[in-house]
Structure formats: C-alpha cells, structure tokens
Amino acid sequence: MRRPLAALVALLAAVVPTVVTATTIYPIDRAQILAGSRFDFKVELDGVVNPAAVTVTVNGDAPEKLLGQTPQFVDREKGVDASALILRDARLTTPGRYVISASDGKTTKTVTWTVYGTGPRRAKNVILFIGDGMSVAHRTAARILSKGITEGKYHGLLAMDAMPHMALIGTSGVDSVITDSANSMSAYTTGHKSSVNALGVYADRTPDTLDDPRVETITSLAKRKVGMAVGVVTNTEVEDATPAGMVAHTRRRSDYDQIVEMFYDSQVEVLMGGGSANFLPKSVPGSRRKDDQDYVAKFRGTGYRIATTDKEMQDAAADTTTTRLLGLFHTGNMDGVLDRKFLHKGTVEQFPEQPDLVDQVRAAISVLSRNPQGFVLMVESGLIDKYSHPLDWERAVMDTIMLDRAVAVAKDFAMQRDDTLVLVTADHSHGLSIVGTVDDQAPGEAMRDRIGVYEKAQYPNYPAADIDGYPATLDVSRRLAIFFADFPDYYETFRPKLDGPFVPAVAGSDPKVQVANPRYQSQPGVMRREGNIPRDSNVGVHTGEDVILTAVGPGAERVAGFLDNTDVFRIMVEALGLGD
Ligand SMILES: [Zn+2]
C-alpha cells in the first residue's frame, strides 16, 4: 500500500531544520519515567550562547549529582545555529518528583518529571495486540459479521470483548492532537509521548534523524533487566511503525534500512511479517536497501531459523530447538485475510504461501515460551489501518476478525496458566461509522436512496460465519452501510471491492491534486463525493478519538476509566516488575 501523499510531505518536512525558539528540555514537562530506565537528557538553548552563562539544575543541584554524568555542551548543533546540552543514557533510580531548570542567563525554562518504580513482578508474560487504526466501528462490525445479531442481541462475543477490564485510551502526541502509528506505538513501548513519524525518541530540532534524544523501549528493558524473550509479529512490513516501535530510535519512521539494523542489534527472539525488501542486499532483485548488507544472512549467522513460507514457519516452530525465528513472508506488506482466504486478489498470486496472523501468533508463542524467563510479545494486525486509509472497510473488518482469532489463541494460552497479561488495543482511530444498511432491493436508481436508516436498516443478511468466524461472502443483498468522516474525492460504490483493494483517488493532471479514481465511475448508482481533507491526499486520515483497551491477566485490573497511551507502558512494566 502506498504511503499517503500527505504523510510523505510530513516526512520531508520533518528533516528540514526548524526555527530555533525558546529553550526546550527533553524529556518534556510532565514526563513519567520508569525508575532505572535509560533516557537521553537534552537542553536546546535559544541561539548560540556562552557556556559560562548556562546553568542547569535537577532538584536544585548540579545535574551530575542525580543523573550520574555531566551534560556535554555543544556550541553549535549540526544544522542549527544554536547551542545545546546533551547527556546520553541518563537514568534516575529513585521514584519521586524531579524539577529540572535550564537557564541561558536571560531566560529560564523549568520542567517537572515524575519517576515511578514498580512493585514485584506479577506476570511472567505480556502479550500486546495492536489493531492498527482499529476503531469502535471496526469492533462492532467484526462482531456483527462474525457472531451475528438478531432482535438486538448478539449470538456471541469477540474474544477481545470477553475480557474483564476495559479503558479508553487517549492517543495524542507531543506535537499534534492527531497521531500516526510511530509516536503512538512509542508511547506504548517507552512510556514517553513522541511526535508524528518519530520512534523511541523525542523529536528534536536537528535535521539528523538518528541523533534525537532516546528513551528506552520495553524490549530493551525486558531483555536487559530480566533476560526475557521478545517477539514482534505483524502482517505489515516489520520495519513499519508499529513493529519498529518495539526497538527503533529514529525521528523518521521511513529509515527502513536503519530499522532493520536496530532489529538485528536488539536480537528480538521472534520477528515475523512482511518487508524482506529491506533485509536483502541491493544487488538482489526486489531489494529496497541502499547498501550491500545481507540481513537475512546476518540473522541466520546469529542462530535464527529463517522462514519465508507458512510451512517453513510451522516447521521451525514445531522444532523444539528453535529459540530464534525470523519469518519474512513478503517483500512488502502481506495480504489481508479477505484476499488470502477468499478472493485471491491483492498480491496473493505472487506470494501464495503467506501464513495467517493466527498461525504466526501460535508459532511465536511456541518459540518464545521456551525462554524460562518469560516473554513480551507484540502482535499487530496492521492491515486494519492499511485498508481503512483507502476507505476499504470490508477488508479492514475481516482483518479485525483475524486479529480477534489471534487474541483467542493468546487467551487460550493465558487461561492454562495465571501468569500472562493479555492486552488488546489500537494505536489510533479512523473516522468510520455504521449508519445503517444498503439494500439492493430497495427502490431508487441512486444507491444512496437504498440506504436504510433507523428502522428501515433492519439487519444485514450476511451468511452465518464459517468455523473460523468469517462470513463466506460479503456481497449480500442487504449489507452494512459504513461511511468515513474524512475522505479524498472518490466514487462511493456502496459495494464491497471484490476485484481487489479499493483505490479511491489517483493523481490528476496536477500531481498535487488527487481526483476520484475514474475506474469506479461507471458502477451503477455510484455517487461522487467531494473530498473534505487537503487535495494532495489520496486516502483518508487518522482521527483523534480515543481507542478501546481490553485486558485480562495479572496487572489488568489497572485498565479502567480513561488512560493515556503512556499508561499502557506503565501497566506492562508494573506487571513485569521492570522498575528499580
Ligand atoms: Zn495509518
């Protein structure tokens, strides 16, 4: 799936040096920091200043007293006409409130941090499921399609519904009310807020994308402090923002080559998904690397079993000597379940042996549970987002059902024991809503006249789900009417896209203006919709509503009411007892 044009523009903007403004301190004001976790401390000063005029204090003392080292003074930051102080790998081991002040002799900036410890370890394992972009409507539609509903009553619950604890999660980042998957995942994996396109760092003002102040990930903490195994499982490219958030430190999520290197350095025990193009040297056809490094060979060289098909993955997992597994099943994003299992569209012909996310999770749990110290596993159903951007809700909802089946596997594992915390959430929402049904039998030429609202909606007539929870067809005569709140110019067809994933808009004669894709123009009864977001976007965007978190297992009782996304990190590290 192409990255939305707007995101590309944002990426480019991210590397342009920003105008120097008032003094800034990282970590930011009101940061919550896990006791003993590593972070980079940075003070960005307003202009080039005389080091003799600069004073920095932590709780009124010289910073080295509590942070262990003296920050380095940088006269002129690269690409910025201003001075800074930086201290890499700082840590605070005593819980409490910390007041940090920085002055250049003229103005003073003060921030407050809260350092928190954790009690004793209560969970051996944590499994975090991310439905990327999964909104309330995805969950409701998945329940309708998978379980069925008559007379207002569902005939069953999703595995992610049937969990005892639930909370709303706020998703906004440092820089914007609207998040992308990079900074929202960073909040889950580091407990610190970040900015759009940034992973495991506070986005600073220098153009270098790899020098920004870092914060430690749960992957690093779990391995460094307790020797746990870590797994990262997705059906997008493994370098994509959500999986990358488990290990990466970069201000630019598209630093794919470097992210592969960071995965290699992290030595996570299980890494599975698409995205092999950035593991292969540039001489190999299909490679997207800019150098000749062969990361498949490097992983193999440090003891990883390599799988490129479903069968190789299952065989590797079944072999009890496998404790490290790299599964790369596609050069780019894998295909969703609608195309893989039912329609054989998308890129299924090119990559016919992709595993199902459910089987990836089974394989990952088999391999990771061989570590006696326990494991942290992150599973992303990433195509929920990839399909929601182009308004292809049927594909997104089928992948929500797939996520739920994977959750059921994890719950089964957790039920046989009482030491595993399972969390299911999203990283941000999309603006879709269920407004009624579309009835092909209703009178009217235009499809919009066949929308049933209120009592005219009745219920959709999807067939009962198969044994895996999927309806055998989505192309029924009375189906859900789901529309998006934000969209480019496009033709609303009111029908599932059976010929392959929806492409709502394409570049017009002016490449900066995306126009409704004429391919759908002649479908009977379609409606052209004038977009309501900037014209350079060819897809819909993320939205700012809260997402739902459901949880079960030791530590899950803290999941209640409204939580910030950074609290999800805190719940996980508290369950694992990872604080000093
Ligand atoms: Zn997205």
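The values are calculated or read from the model by the stated rules, or taken from the named source; none is laboratory data. Since this is a predicted model, take the numbers as computed values, not measurements. In this analysis, Cβ positions are derived from the backbone assuming ideal geometry, glycine residues included, and neighbour counts consider all displayed protein chains. Ligands, DNA and RNA are stripped out before the accessible areas are found, and what is left, the full protein with its side chains, is counted by its heavy atoms. Shrake-Rupley method; radii C 1.70, N 1.55, O 1.52, S 1.80 Å.
Over the range 328-457, accessible surface divided per residue gives 35 Å², non-protein components excluded, 1.4 Å probe. Translational diffusion of the range 6-116, estimated by Stokes-Einstein from the Kirkwood radius over alpha carbon pairs at 4 °C in a medium of 1.567 mPa s, is 87 µm² per second. Listed by chain and number, the lysines whose C-alpha is less than 22 Å from the C-alpha of Lys341, apart from same-chain residues fewer than 8 away, are Lys147, Lys311, Lys386, Lys497.
In the chain, carbon and sulfur make up what percent of the accessible area (probe 1.4 Å)? Within the chain, the accessible surface is 52 percent carbon and sulfur. Under 5 Å between amide hydrogens, built in the peptide plane, is the criterion, and for Ala507 it picks out Val515 among residues at least 5 positions away or on other chains. Taking R0 as 56 Å, what's the FRET efficiency between Arg448 and Asp359 from their Cβ-Cβ distance, rounded to 0.05? So the FRET efficiency works out to roughly 0.85.
Which of Pro71, Gly47, Ala84 sits farthest toward the positive end of the charge dipole of the range 45-185, with +1 on the Cβ of Lys and Arg and -1 on the Cβ of Asp and Glu? Selected residue: Pro71. Measuring between their Cα centroids, the range 310-389 and the range 240-298 lie 17 Å from each other. Rounded if a/c is under 1.5, else prolate if a/b is larger than b/c, else oblate: which is the range 251-339, with a ≥ b ≥ c the root eigenvalues of its Cα gyration tensor? Verdict is oblate for the range 251-339. About its Cα centre, the range 388-521 has a charge dipole of approximately 180 debye under the convention of +1 per Lys or Arg Cβ and -1 per Asp or Glu Cβ, with nothing else charged. Given R0 = 41 Å, the distance between the Cβ atoms of Lys65 and Ser283 translates into a calculated FRET efficiency of 0.20. The charge dipole of the chain, taken about its Cα centre with unit charges on the Cβ atoms of Lys, Arg (+1), Asp and Glu (-1) only, comes to about 600 debye.
Along the range 384-397 the Karplus relation, 6.51 cos²θ - 1.76 cosθ + 1.60 evaluated at θ = phi - 60°, assigns HN-Hα couplings of 3, 6, 4, 8, 6, 3, x, 6, 9, 5, 4, 5, 4, 6 Hz to successive residues, with x for each Gly and Pro. In the distance distribution for the chain, Cα-Cα pairs more than 36 Å apart total 36 percent.
Couplings 3J(HN,Hα) for the range 196-205, derived from phi with the Karplus relation 6.51 cos²θ - 1.76 cosθ + 1.60 (θ = phi - 60°), are 3, 6, 9, 10, x, 9, 8, 6, 8, 8 Hz, where x marks Gly and Pro. With contacts taken as Cα pairs under 8 Å at a separation of at least 6 residues, the chain carries a relative contact order of 20 percent. Working note: Debye formula, equal point scatterers on the alpha-carbon atoms of the range 163-257, no solvent; log10 I(q)/I(0) at q = 0.24 Å⁻¹ is -1.22.
The angle separating the long axis of helix 136-147 from the principal Cα axis of greatest extent in the chain is about 40 degrees. For helix 5-14, what angle does its Cα long axis make with the longest principal axis of the chain, in degrees from 0 to 90 and rounded to 10? Orientation of helix 5-14: about 0 degrees from the principal axis. Average accessible surface for the range 6-116: 49 Å² per residue, computed with a 1.4 Å probe over protein heavy atoms with every protein chain in place. Spin-label model, Asp475/Arg370: points 7 Å from Cα along the beta carbon direction are separated by 4.4 nm. When the Cα positions of Tyr459, Ser509, Pro443 are compared along the charge dipole of the range 432-529, Ser509 comes out farthest toward the positive end, with charges on each C-beta of Lys, Arg, Asp and Glu.
Only helical runs count toward this figure. For the chain, summing -39,500 (n - 2.57) over DSSP H runs of n ≥ 4 and dividing by all residues gives -6500 deg cm²/dmol at 222 nm.
Per-peptide packing, taken as the mean over residues of other Cβ atoms within 10 Å, places 546-559, 328-341 in the sequence 328-341, 546-559 from highest down. Rounded to the nearest 10 degrees, the inclination of helix 357-368 to the longest alpha-carbon principal axis of the chain is 40 degrees. Using the Cβ-Cβ distance between Thr107 and Phe562 with R0 = 30 Å, the FRET efficiency computed as 1/(1 + (r/R0)^6) comes to roughly 0.30.
Taking amide H atoms as placed 1.01 Å from N in the peptide plane, the amide H of Ala198 lies under 5 Å from those of Asn183, each 5 or more residues away in sequence or on another chain.
With contacts taken as Cα pairs under 8 Å and at least 6 residues apart, the range 432-529 reaches a relative contact order of 29 percent.
For a paramagnetic label modelled on Gln521 (point 7 Å from Cα along Cα→Cβ), amide N atoms under 17 Å away belong, within the range 487-504, to 489-493, 503-504. Between Gln350 and Leu157, the distance separating the two model label sites (each 7 Å from Cα on the Cα→Cβ line) works out to 4.2 nm.
Considering only Leu474, Tyr98, Phe494, and ranking their Cα positions along the charge dipole of the chain that arises from unit charges at the beta-carbon of Lys, Arg, Asp and Glu, the one farthest toward the positive end is Tyr98. Straight-distance candidates among the aspartates and glutamates for linking to Lys223, with alpha-carbon spacing under 19 Å and chain neighbours fewer than 8 residues away dropped: Asp89, Glu261, Asp265, Glu269, Asp419, Glu574, Asp580. Average accessible surface for the range 155-274: 23 Å² per residue, computed with a 1.4 Å probe over protein heavy atoms with every protein chain in place.
Shape call for the range 456-558 from the C-alpha gyration tensor, a ≥ b ≥ c root eigenvalues: rounded (a/c under 1.5), prolate (a/b greater than b/c) or oblate? Oblate, because a/c is 1.5 or more while a/b does not exceed b/c.
The charge dipole of the range 500-580, taken about its Cα centre with unit charges on the Cβ of Lys, Arg, Asp and Glu (plus for the first two, minus for the last two), comes to roughly 640 debye. Peptide packing for 529-540, 396-407 was compared via the average number of neighbouring C-beta atoms within 10 Å per residue; ordered from the highest value, the list is 396-407, 529-540. Spacing of the modelled spin labels on Asp315 and Met415, each 7 Å from Cα toward Cβ, amounts to 3.3 nm. Counting only residues at least eight positions apart within a chain, or on another chain, the lysines with an alpha carbon under 19 Å from that of Lys109 are Lys42.
The phi torsions of the range 187-194, fed into the Karplus equation with coefficients 6.51, -1.76 and 1.60 and a -60° offset, translate into couplings of 4, 5, 8, 10, x, 10, 5, 9 Hz, rounded to whole numbers, with Gly and Pro shown as x. Sorted on the mean count of surrounding Cβ atoms within 10 Å across their residues, most packed first, peptides 301-314, 196-209, 367-380 read 196-209, 367-380, 301-314. Close amide H pairs (under 5 Å, H built 1.01 Å from N) link Arg38 with Glu216, residues at least 5 positions away or on another chain.
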